[in-house]
Every structure is written in C-alpha cells, then in structure tokens.
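Scroll down for the structure; my scribbles are underneath it.
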Amino acid sequence: MSMTLNSTRQSRRSLPTVLGLLGIVGATGGLLLGGPVWLGLVGVVLGGLYLSGTAVLAVVLGQIALVTVETPSLLSLVLVEGGLFLTLLSVATEAPDSRIASSLVALVVPLLGGVVWLSVWRWTLDPLKVGFAILVGTAIVGYLLHRYLLIELDIVTEDVASDRDFQ
C-alpha cells in the first residue's frame, strides 16, 4: 500500500512539472519565432526559474522578453502567452485550493499579455518602460499578497508588541 501511495504522489507531482516545462518550451518557441536568436537564452533562464520553484518570476521574465520582440506575429504572441499560461497553471494545480488559484491564473496572464500588447503596439510606448512597469507592478502586487497572507494567517496583527517574535 505504501508503494502505491508513493507512486500516486510521484505521478501527481510529475504532471504539473511536465505541464510547466511544456509551457516554457512553448513560450521559448514563441519568443524565437518572433524575435532574435538570443531570446533562446531567455528560454533557458525561464526553465531554470521554473525548476527552481519561482514560476511567477519566470512568467514575469517571459512577459518582459515578449516586450523586447519588435513586431511579433499573432502566432508568436499566442505561443508565448499560452506557454506562460501553462507554466502558471502548473503551479496553481499544486495549490491547496486549486480552483481559486487556477481562476487567478486565468485572469492574470491574459491581463498581462493585454497590457503588453496595448502599450507596445497600440500606444507605442518604449519597451523598456513597459517591462519596468510590469516588473514593478508585479512586485507591488506580490508584496501586497504577501502582507495579506501574513494578516490572514494571524502571523502579523495590529499589536506591534505581539509581533516581535516574527521579526
């Protein structure tokens, strides 16, 4: 019975990893299709970030790399955004409440892709500024989510004296 339980856990864990790596390969292919060859190195970094456990940073880097592509075709845009969607979805399936996490992923990735598309191709803003804005915006949202979870889990309260153990 123990062997069956371990193999079930292993197969459940390997499915999200395969899904995430498939997303990284798709995003890298979309970057290479629409941009210069050096974006293949970005794909290697994306894979490294994903395997090290920071899939959110991989998605942010993928969005910033998409900004560097001058005029991507619709196919390359769909490949990159679809790959990044799969990458985040693979992490969301491992979350304790995977329905809520998957819903959040379904909202965040198209939103980021839409911001990139509007700002670079419609509003013709500087790609470096757009990438910086995406990075700063993601950092702010991540920090606010971190603070919210600390308060939700009662690790940080309104009484500063009771929180000294956690600082």
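The values are calculated or read from the model by the stated rules, or taken from the named source; none is laboratory data. Quick caveat: nothing in here was measured; it's all calculated off a predicted structure. Cβ coordinates were reconstructed from backbone atoms using ideal geometry, including for glycine residues, and neighbour counts include every protein chain displayed. All accessible areas refer to the heavy atoms of the entire protein, side chains included, with ligands and DNA or RNA removed. Shrake-Rupley method; radii C 1.70, N 1.55, O 1.52, S 1.80 Å.
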Inset, instruction - Counting only heavy atoms of the protein chains, get the accessible area per residue of region 9-153 (1.4 Å probe) and round it to a whole Å² value. - result: 60 Å²
Inset, instruction - Please list the non-local residues whose amide H lies under 5 Å from the amide H of GLU94, H modeled 1.01 Å from N, same-chain partners needing a gap of 5 or more. - result: none
Legend entry - Span from the region 30-49 Cα centroid across to the region 54-115 one, whole angstrom: 15 Å
Inset, instruction - Would you kindly give the portion of the calculated P(r) for region 9-153 that falls above 23 Å, as a percent of all Cα pairs? - result: 33 percent
Inset, instruction - Along Cα→Cβ, 7 Å out, is where each label goes; now give me the distance between the ones at LEU149 and ALA133 in nm to one decimal. - result: 2.8 nm
Legend entry - Pair VAL45, ILE140: separation of 7 Å Cα→Cβ label points (nm): 2.4 nm
Legend entry - With DNA, RNA and ligands ignored, accessible area of TYR148 (1.4 Å probe; Å², nearest 10): 130 Å²
Inset, instruction - First compute the accessible area of region 9-153 with a 1.4 Å probe, then give the percent of it belonging to carbon and sulfur atoms. - result: 75 percent
Inset, instruction - Determine, for each peptide in 17-27, 55-65, the mean count of other beta carbons within 10 angstrom over its residues, then list the peptides with the highest first. - result: 55-65, 17-27
